[in-house]
1. Could you grab the relative contact order for the stretch 1-118? Cα pairs under 8 Å, six or more apart, rounded to a whole percent.
2. Can you pull the three principal axis extents for the Cα set of the stretch 1-54, in Å, largest first?
3. Can you pull the percent of the stretch 34-74's accessible area that's carbon plus sulfur, 1.4 Å probe, other chains left in place?
4. For R113, list long-range residues whose amide hydrogen, built 1.01 Å from N in the peptide plane, is under 5 Å from its own amide hydrogen.
5. Please compute the modelled spin-label separation between A126 and V24, points set 7 Å along Cα→Cβ, answer in nm with one decimal.
6. If E56, E39 are ordered by their accessible area, calculated over protein heavy atoms with a 1.4 Å probe, which sequence runs from highest to lowest?
7. List every residue whose amide H lies under 5 Å from the amide H of L118, counting only residues 5 or more places away in sequence or on a different chain, with H placed 1.01 Å from N in the peptide plane.
8. Figure the gain on full extension for L34 and R135 (residue separation times 0.36 nm, minus the Cα-Cα span) and round it to one decimal in nm.
Amino acid sequence: MNRYRFLRRPRWVAFSAAVLILVVVMVNLSLWQLRRLSERRDRNDRITQAQAADPEPIDSDRELSEWRRVTATGTYDTTEEVLIRNRSLQGRPGYHVVTPLRLDDGRALLVNRGWIPLEDDVGTEASVPPPPAGRLTVSGRVRASQHRGRFFSPTDPADGRLRQL
């Protein structure tokens with residue numbers, strides 16, 4: 001019995017307690033990872049189902065789930081167009097062009113019209129191709145609005161005109 005007396009020393013007791021705490025933490029982290037996997041699979045299934053469904057008019061009365069395919073009819077409002085910077089495509093820097101689509105009832109949908117490359121000349125404004133003129137029907141996927149954070153999010157410019165985000 002004297003042979004194992006060193007196990008009662010405070011150093012060995014603290015080491016054993018630390019190992020036990022680490023085992024509990026690691027088991028909980030592994031269970032958290034499994035829960036995240038399950039949540040991710042559920043989300044991916046909902047997205048796949050929403051994308052496989054036939055497009056639905058945005059004017060429908062029912063709640064539209066995120067990634068649902070929709071159609072909307074209206075006219076583009078280029079006066080409120082915004083460039084979202086720091087977007088890349090195939091390793092090249094650029095912008096997403098977001099233009100409001102004014103619906104017949106006065107509401108507006110933000111439509112991501114695509115990506116344009118960053119100009120090589122510093123200080124040069126990006127050349128954005130104009131959207132189609134007149135009334136048109138667009139087809140796309142619904143995404144939830146993003147809400148500005150409280151602290152470290154961008155602020156609107158003093159003149160009230162947001163050109164880039």
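1. Values: 123 pairs, mean separation 16.6, N = 118.
For the stretch 1-118, the relative contact order is 14 percent.
2. Between the extreme Cα coordinates on each principal axis of the stretch 1-54 lie 77, 16, 6 Å.
3. The computed percentage sits at 44.
4. So R113 has HN proximity to V97, V98, T99.
5. It is 5.1 nm.
6. Result of the area sort, largest leading: E39, E56.
7. G94, Y95
8. That works out to 31.5 nm of additional length.
The values are calculated or read from the model by the stated rules, or taken from the named source; none is laboratory data. Since the structure is predicted, the reported quantities are computational estimates derived from the model, not experimental observations. Backbone-built Cβ (ideal geometry, glycine too); neighbour counts: all protein chains shown. These accessible areas exclude ligands, DNA and RNA; they are computed on the full protein's heavy atoms, side chains included. Shrake-Rupley method; radii C 1.70, N 1.55, O 1.52, S 1.80 Å.
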